[in-house]
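The values are calculated or read from the model by the stated rules, or taken from the named source; none is laboratory data. Computed from a prediction, not measured in an experiment: that's the story for all the values here. Counting neighbours? That spans all protein chains shown, and the Cβs are built from the backbone with ideal geometry, glycine included. Accessible surface areas use protein heavy atoms only, side chains included; no ligands, DNA or RNA. Shrake-Rupley method; radii C 1.70, N 1.55, O 1.52, S 1.80 Å.
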Amino acid sequence: MSVFEKTVRTIQFLSVDAVEKANSGHPGTPMALAGIATEIFIRHLRYNPHDPSWPNRDRFVLSCGHASMLLYSILHLAGYDLPLEELKNFRQWGSRTPGHPENFLTPGVETTTGPLGQGIGNAVGMALAGKMAAARLNQPDSELIDYRVFVLASDGDIMEGVASEASSIAGHLGLDNLTVVYDDNHITIDGNTELAFSEDVAKRYEAYGWFSQRVDGHNPDQVRVALERAVAETNRPSMIVARTHIAIGAPTKQDTAEAHGKPLGKKEVEATKIAAGWPVEPTFLIPDESRALFRQRAEENRPGYEKWQRTVSSLNGQRAELWKKLSAREVPENLFTELLAVAQPKAGATRVLASGVEQRAAALVPSLVGGAADLASSTNTNIKDQGDVRRGDYAGRNLHFGIREHGMAAIVNGMSLSGFFIPFGSTFLIFSDYLRPALRLSAIMHAQVVQVFTHDSVFLGEDGPTHEPVEHLWALRLIPSLDVVRPADALECAAAWTHALTRRNGPTAMALTRQNLPVLERSADFDNQCLLDGAYILSDVVDPELVLIASGSEVHVAVEAKKILESSGKRVRVVSAPCWDAFERQPPERQAAVLGKGIPRVAVEAGRSPPWRAVVGETGLVIGIDRFGASAPWERIAEELGFTGRKVAEKILAHWS
């Protein structure tokens, strides 16, 4: 048995033993892909296990995250800080080897995968970010960024629509630094793929503009040649369709659906090891030769790593400054002050007001890039005079994702994980449904991405209920670690972009209006810093007896209602709540100072009302929308659904009559 073959067996049986010990997991795919993964790591992947975040490392993405033990086994052998004890604690509480890979938890894991197709989308984003960083930083005689991205994907990844969306964009943009190996093992959970899948994947990817190859995934020579051809390919991403056998070598479980998501079982493990000429005991066996093979690769990578460090150290002038800003995703300390300066109080739709703020933010933050799902003219998110990213020309800052919301969100996740950019996507709020799975992963990964959602309520009007969001604000707020910001005017738009660009530990979603809003009046001594608290007192009165809480386009409605209520003798405070998520992180005393203690509360928002009941309490009132919208001019909708100052005041007076 050669050292290579012995190393493949090592990875296979580390995976099998870990799944067996946990009595949970997916042994079949790691067994099938061990040879291909080993080939990638020891012959192609450029990495430094002692510096897992090296900016110019090659990225390895396990899109089929259910095969996590494959990745953990390799990372351990490759010398990352992942002790053997962690492999033995696979899927256990507190371990760094969870059931599906999680970035920032396990060294060497580039992205959190498991929901199928997402890893391919993330990899496209990583490859695109590499091209864009190279266009900004490289010089003919001095390349800072030239990393490649390698992906292992399963049948499920290839079937999921998000992968198709992202792959289409990758082909369109000619991302030749991306190689995907498709594990064509013909098995899914329900049985053979012929139950639901009969397309020619290689031809589909050729139609996307990819370079496609087919290999026997268990033939090392074929795999080696295919990978070499993929790396040598220019102008196109590469797809390698590798025919494999799930749980290869297992006497009764090979090529069965049972091997996909269940331990092999003690007897089958013993029989498989014996058939492979592998000791049954001890478990978690690692021959010295296998460790040495990976140590050799680490030594081969060292000169390139050290040369790269010397290149960075020798940077000077504007290039050094740009490297500093991009590598740190630098944001000026006075960003809020700068953005407030361009947020002049004026009436307008917040999608327009926020766009003006965004232009100044882009001038101050070179890392800010992004685009729209074919709606830039509506979301107003184009960065002016900064060019479009196109095939072969990646120096621009505006991305065109086409009508591919899910692919867009998966791609911007990968761009964020690349380390150079603060990326944004944009579409209508109603279409957040199309990208919610990727946005949820943004939150799990604490990725700094921004999703700009416009047309944020029933007040977009004539398009009707199919395009009018009512449940979406709270659907997004309920995602842990995602901050939803719904500004009411230009100043709050400045706070929204400040929040998104300075928040390093999670994604931000903006909800912006299509319709124009009036200017909000503030007192002469108003402190703009409170705009960053998430909720603040906009209009107050001595000894208030009622607190109106509103967000976005309903804030001016609450102000109008206050005036009517005060004419009836009520003492009313108005609280604007652009980011309830941020406000809930404020100290209790700060929250009490804004909302008051023992004062009746009313929440006013053009969306679903139940979650607000936890804020207003049993005796409070929620004025929301618990039905779908309608097709009509937005002013008529506001009148019919009770979102005018007069209608709100009437409901409040009736509630406490």
*Cα coordinate range in the range 449-604, projected on the principal axes (Å, largest first)*: 43, 38, 28
*At a 1.4 Å probe, what is the % contribution of carbon and sulfur to the accessible area of the range 309-389?*
45
*Let me see the pair-distance distribution of the range 41-161: every alpha carbon pair, 10 Å bin width, integer percents in order.*
14, 41, 33, 11, 2
*In the structure displayed, which of LYS203/LYS253; LYS6/LYS307; LYS203/LYS262; LYS346/LYS570; LYS88/LYS273; LYS131/LYS203 lie more than 24 Å apart, Cα to Cα?*
LYS203/LYS253; LYS6/LYS307; LYS203/LYS262; LYS346/LYS570; LYS131/LYS203
*Using mean Cβ contacts within 10 Å as the protection proxy, how do 38-45, 408-415 order, highest first?*
408-415, 38-45
*Value in Å of the Kirkwood radius, where the range 400-475 supplies the Cα pairs that are averaged*: 12.9
*Between the alpha-carbon centers of the range 441-492 and the range 44-107, tell me the distance in whole angstrom.*
34
*asked:* Just to be sure I understand the model, the point goes 7 Å from the Cα along the line to the Cβ. What's the resulting GLU545 to ALA298 distance in nm?
replied: 7.4
*asked:* Given the whole protein assembly as supplied and a 1.4 Å probe, what does the accessible area of VAL542 come to in Å², nearest 10?
replied: 120
*Percent of Cα-Cα distances greater than 17 Å, calculated over the range 87-224*: 67
*Isotropic mean projected area of the C-alpha convex hull, the range 513-657 (nm²)*: 9.1
*Round to the nearest 10 and give me the degree value, 0 to 90, for the angle of helix 266-276's Cα axis relative to the longest principal axis of the chain.*
50
*Whole number please: convex hull volume per residue of the Cα set in the chain, in Å³?*
164
*Rg/Rh ratio calculated on Cα atoms of the range 399-530 (Kirkwood radius)*: 0.99
_If you filter the range 294-340 for GluC sites (Glu not before Pro), then keep DSSP loop positions with at most 12 other Cβ within 10 Å, what is left?_
GLU333
*Report Rg(Cα)/(2.2 N^0.38 Å) for the range 460-507, keeping two decimals.*
1.40
*Normalise the Cα radius of gyration of the range 548-604 by 2.2 N^0.38 Å (N = residues in it) and let me know the number.*
1.17
*Within the chain, percent of DSSP bridges classed antiparallel, to nearest 5*: 15
_Using a 1.4 Å probe on the protein heavy atoms, what percent of the accessible area of the range 538-657 belongs to carbon and sulfur?_
53
*Counting pairs of alpha carbon atoms under 8 Å apart in space and at least six apart in sequence, what relative contact order in percent does the chain give?*
12
*Can you tell me the accessible area per residue over the chain, all protein chains present, probe 1.4 angstrom, in square angstrom?*
38
*Got a sec? Which residues in the range 515-547 would a label at GLU589 touch, if it sits 7 Å along Cα→Cβ and we count backbone N under 19 Å?*
530, 533-537
*asked:* What is the angle, in °, between the Cα long axis of helix 405-418 and the longest principal axis of the Cα atoms in the chain? Nearest 10 is fine, range 0 to 90.
replied: 70
*Using a probe of 1.4 angstrom, how much of the accessible area of the range 164-288 is carbon and sulfur, in percent?*
50
*Counting each DSSP H run of 4 or more residues in the chain as -39500 (n - 2.57), what helix-only mean residue ellipticity at 222 nm follows after dividing by all residues, to the nearest 500 deg cm²/dmol?*
-13000 deg cm²/dmol
*For a paramagnetic label modelled at 7 Å from the Cα of SER198 toward its Cβ, which residues of the range 143-175 fall within the zone defined by backbone nitrogen distances under 18 Å?*
159
_Cα extents of the range 345-441 along the three principal axes, largest first (Å)_ = 36, 31, 22
*Can you give the FRET efficiency for SER567 and ASN334, using 1/(1 + (r/R0)^6), R0 = 45 Å, r = Cβ-Cβ distance, to the nearest 0.05?*
0.60
*When each pair of different Cα atoms in the range 213-320 is counted once in the 1/r mean, what is the Kirkwood radius in angstroms, to one decimal?*
18.4
*How far is helix 645-655 tilted, in degrees, relative to the longest principal axis of the Cα atoms in the chain, given as a value from 0 to 90 rounded to the nearest 10?*
90
*Which whole number in µm²/s is D for the range 285-413 by Stokes-Einstein, with the Kirkwood Rh taken over Cα pairs at 4 °C and 1.567 mPa s?*
70
